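Trainee: What follows is a single structure, and I will ask about it in a moment.
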Amino acid sequence: MEVIPNFEVQKVLRISYDFLDGDYPKILFLDITCFFNGMDVDDAVRILDGLDKGARFGIDNLIDRCLVEINNDQRLWMHQLVIDMGREIARQESPKCQRIWHQGDAFTVLKGTTDAEKLRGLTIDMHALMEYHYAEVVCTDSMVCRKRRRLNFFQQWLSDFFDGGKLQTGQTSLFPILNTDAFRKMPDVKFLQLNYTNFHGSFEHFPKNLIWLCWHGLSWSSIPNHVCLEKLVVLDLSRSCLVDAWKGKPNPRLLGSPSP
């Protein structure tokens, strides 16, 4: 594995993907690769069945192709090389079906500067993003300089999301508060993960065709008005400040136990 370049390995691994029968197992594989690797298999099946029935049969097919496994904890698992291969395929197909799993790309979409009309899913985790940029490194001279440049760039990049480089009024988090106008450009997104992400503005244009919404660390005491949950299958608000859920809205499966 150390001798063969990764792109050569991916070419070999892609044989199993290319020989999948039909579009559905390929779509299923790419969705798991970008959004559901590591998730409890029953929860993943419940979400994916919200779009097309037969997710469990499709996953078994992927297991037979050695593209996916179910580990001892009953979670979907993929080898990192398979993940890399799948995400590269998803990247190449992005003009017709966008799957945004990279934190930086997700920020660009949420900033509202990128066309997302064909967006199928997006995932972002502000804690993970902060941990990545502030990770400690071995303190050699060259690495210290590299770390300083990286942090300076990240701080400048992050400040672009604030109003005039300043915190929004009443903001208590170090994370930027994004504008809900970004949701105008993603009308048909199906999978959305917004962990520890804050927004201001009206949720009138929040996606109405969501199947899965994962929003760990939701900072409000109740779900914002105009957040449409009619088609939602799974709602995960773990580690949030939720006190009152909603009134007169459908009752999707709620994962986790939000705590004040």
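The values are calculated or read from the model by the stated rules, or taken from the named source; none is laboratory data. Bear in mind that the values here come from a model prediction, so they are computed numbers and not experimental data. So basically every Cβ, Gly included, is an ideal-geometry build from the backbone, and we count neighbours across all protein chains shown.
Trainee: Are any of the residues in the stretch 202-218 in contact with a Leu (Cβ under 6 Å, 6 or more places away or on another chain), assigned to a strand (DSSP E or B) and of a type in the set (Phe, Trp, Tyr)?
Mentor: The answer is no, given that none of the residues of the stretch 202-218 is in contact with a Leu (Cβ under 6 Å, 6 or more places away or on another chain), assigned to a strand (DSSP E or B) and of a type in the set (Phe, Trp, Tyr).
Trainee: Additional query: Which ones in the stretch 83-121 are assigned to a helix (DSSP H, G or I), of a type in the set (A, V, I, L, M, F, W, C) and in contact with a strand residue (DSSP E or B) (Cβ under 9 Å, 6 or more places away or on another chain)?
Mentor: Matches in the stretch 83-121: ALA90, ALA106, PHE107, VAL109, LEU110.
Trainee: Restricting the stretch 185-201 to residues that are touching a residue at least 24 places away in the same chain (Cβ under 8 Å) and not in a strand (DSSP E or B), which is farthest from PHE36 (Cα to Cα)?
Mentor: LYS185
Trainee: Restricting to the stretch 162-191, count the residues that are at pLDDT 80 or above and not hydroxyl-bearing (Ser, Thr, Tyr).
Mentor: Going through the stretch 162-191 one residue at a time, the tally reaches 14.
Trainee: Can you name the number of the only condition in (1) closer than 25 Å to HIS216 by Cα; (2) within 16 Å of the chain's Cα centre (by Cα); (3) modelled with pLDDT under 80; (4) surrounded by fewer than 20 Cβ atoms within 10 Å (Cβ to Cβ) that GLY104 fails?
Mentor: Single failed check for GLY104: (3).
Trainee: Within the stretch 50-58, does at least one residue satisfy the condition of being on the phi < 0 side of the Ramachandran plot and under 15 Å from the mean Cα position of the chain (by Cα)?
Mentor: no
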